[in-house]
Amino acid sequence: MKPSADDNANLSTGHADSNATGSSALLSVRGICKRFGGTQASRDIDLDVHAGEVLALAGDNGAGKSTLIKMIAGVNRPDSGEIRLGGQRIDGQSPQEVRDLGIETIYQDLALADNLDVGVNIFLGRERMRRVLGVPMLDRKWMREEAAGALEHLGIRLDNLSMPVGYLSGGQRQAIAISRAVYWNAQLVIMDEPTAALGVPEQREVKDLIKRLQAKGVAIIFISHNLTDIFEVSDRIFVLERGRKAGERAIGDTSEDEVVAMMMGKVIDT
Amino acid sequence: MNTRVRLLQLLTAAWSWLFLLVIMAIFEAWSWSVYDRTFFGNLYNVQAVLLTATQILMMALGLTFVIIAAGIDLSIGFICGLAAVTMAVVIRALPELPPELSFTLGVIAAIAIALIPGFVNGWLIAKWKVPSFIGTLGMFGVTRGMAFLVAGGATVSIRNDTARSFGNSRVFDIIPVPVLVAAVITLYFHYLLAHTRFGVYVYAMGGNLQSAVRAGVNTTRITFMLFMLSAFTAAMAGIFYTGRFSAGAADAGEPILLNAVAAVFIGGASLSGGSGTIAGTVIGSLIIAIIQFGLVFIGMPPFWQFITVGLVIIVAVLIDQSKDRLARLGTGSA
């Protein structure tokens, strides 16, 4: 219960700065190191993400992308270094606390329960209750309507909201996961390979969705193996190689060849 | 396309109701053709079917929750027996107390002792990540041995008016007391599953355990509660048994276990978890009870009930497997 007045003040100035000058980041990672046994999964990583920005995180398998986002999401704790959201320290918080502060992670295998409907999925863990004759009951209708509103907010329409989400297409399910993040006022959405399991038209939909999120001022960390997707949706690319930062470029200042070279560890910025 | 999908969903969801009606019609017709009298129009037959169904349903209620969460509980058969003999032993040990009091103490002791293996199941499965099939199989053996030890290897008969009237009297001369008590418990379990957060988390754990964990659901706590609930309803089955027969038997629940599992699957649950309802389990219990009692009624050798229930289980699983395919038809994502 400590981080009240001061941190809130930091939070608001952090916002003001980033809006005014673009220099103060929403998320700032400083000097993060993480070791698993003999493997140095993260070595002294510095990274900034600004509101309304799409940052692509690239790197070969085992480069440390997952380790990095798990530390941001509160799943793993860094050995050293610090992570701040709007100026407030968040390293050391639980995944639930990090979510409550506004960082949502959408995992590759989709964190949806296929057998439940859209409403319950969006509200899972934070269900809305009502009282019938004094007996508390789930307010499924309210959750369903609220979910429909959240989806419509992102320009998505579903015909049948009471259907288990397992019957929906991969793109629609991805959209539900994203609108859950938006509904709970995420400031930063981390997407782990959001297009990997999708067909081409659905990849298109998800990329459009990312742009709409960005337009609403949400910061996005986008992890992908697909350089075409990265160049299409990102503002900036951050390349990891064996746990360290191999380079960082504005998307307009680099090329696929250079990114591949960085992923191979050939061009190392300092 | 949507009406078609809905129609198919309705059909797959309602097949167990249809099956119940068909099976009732078959026995009614059989009764008329062989005995020239009604089967279901006879109050005694209906009461007998409901009492049989109550035994199965009690064991199946908690199990429904466990199966929806993608688990299984094999220990309930002997948890039921352990509760039945514990109740009988306690009542026998207190002959000087008024029957109401010794009955109440017997019921409390039965539930209390049944919750111990339920807790151990939860502990093994939630804390030690033992697969529920293995963990509860182990407890199947432990509770089996304990039940026979408590009973001293024999059936424990009692003479207790409260117990006998609890198991055998009828409200308004119509509804057997166990059926009424079971109905109240069933309604509460339906409420738990369909209208509370706990119920949603049980479904979420069965549908995608990771989704529940990531949504902040305390899956360890829920797993504990699941196996405690399952042990509780098994204990109720044991209490009904001791009341009905004025005797506790260590193997009281043994023949009911597989029928209870079958009732849950016939009621629409899937072995992979995530689906099932209390209403479905009620229907499943009724179907098995009608087959059991009906076959005896029409004079078939009792072994036919094993064959018939076995075939019904296979049909239930086949229908469950075609559910997804059917429901996906026309959604464009098949």
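Checked against the criterion of being part of a helix (DSSP H, G or I), at the interface with chain B (Cβ under 10 Å from one of its Cβ atoms), touching a residue at least 24 places away in the same chain (Cβ under 8 Å) and of a type outside the set (S, T, N, Q), the candidates A:R144, A:R180 yield just one match: A:R180.
Residue count for the range A:36-67, restricted to those that are part of a loop (DSSP other than H, G, I, E, B), free of Cβ contacts under 8 Å to residues at least 24 places away in the same chain and within 18 Å of A:E241 (Cα to Cα): 2. For A:M137, state whether it is within 12 Å of another protein chain (Cβ to nearest Cβ), surrounded by 16 or more Cβ atoms within 10 Å (Cβ to Cβ) and more than 30 Å from A:A51 (Cβ to Cβ). No: the conditions fail for A:M137. Which number in (1) of a type in the set (K, R); (2) over 18 Å from the mean Cα position of the chain (by Cα); (3) crowded, with 22+ Cβ neighbours inside 10 Å marks the one condition that A:R126 misses? Against the list (1) of a type in the set (K, R); (2) over 18 Å from the mean Cα position of the chain (by Cα); (3) crowded, with 22+ Cβ neighbours inside 10 Å, A:R126 comes up short only on (3). So, B:G253, is that one surrounded by 15 or more Cβ atoms within 10 Å (Cβ to Cβ), modelled with pLDDT under 90 and away from chain A (no Cβ under 14 Å) or not? No. Considering (1) surrounded by fewer than 18 Cβ atoms within 10 Å (Cβ to Cβ); (2) within 9 Å of chain B (Cβ to nearest Cβ); (3) under 21 Å from A:R204 (Cα atoms), the lone condition that A:R157 does not fulfil carries the number (2).
When the helices (runs of 4 or more DSSP H) confined to the range B:171-242 are screened for residues that are away from chain A (no Cβ under 11 Å) and not basic (K, R), those reaching at least 3 such residues are found at B:177-195.
Given the range B:1-120, what helices (runs of 4 or more DSSP H) lie entirely inside it while holding 3 or more residues that are without any contact (Cβ under 8 Å) to a residue 40 or more places away in the chain? Ranges flagged: B:2-35. Within the range A:91-123, restricting attention to residues that are facing chain B (nearest Cβ under 7 Å) and polar (S, T, N, Q), the residue that is surrounded by the fewest Cβ atoms within 10 Å (Cβ to Cβ) is A:Q96.
Filtering the range B:131-176 to residues that are charged (D, E, K, R) and on the phi < 0 side of the Ramachandran plot leaves B:R144, B:R159, B:D161, B:R164, B:R170. For the range A:68-103, what are the residues that are closer than 16 Å to A:R30 by Cα, assigned to a helix (DSSP H, G or I) and not aliphatic (A, V, I, L, M)? Within the range A:68-103, just A:K70 meets the criteria.
Residue selection: B:V142 satisfies the criterion of being away from every other protein chain (no Cβ under 14 Å), within 23 Å of B:I111 (Cβ to Cβ) and either out of contact with any His (no Cβ under 6 Å at 6 or more places or on another chain) or buried (at least 24 other Cβ atoms within 10 Å of the Cβ) (or both).
The values are calculated or read from the model by the stated rules, or taken from the named source; none is laboratory data. None of these values were measured; they are calculated from a predicted model. Note that each Cβ is placed from the backbone with ideal geometry, even for glycine, and that neighbours are counted across all protein chains shown.
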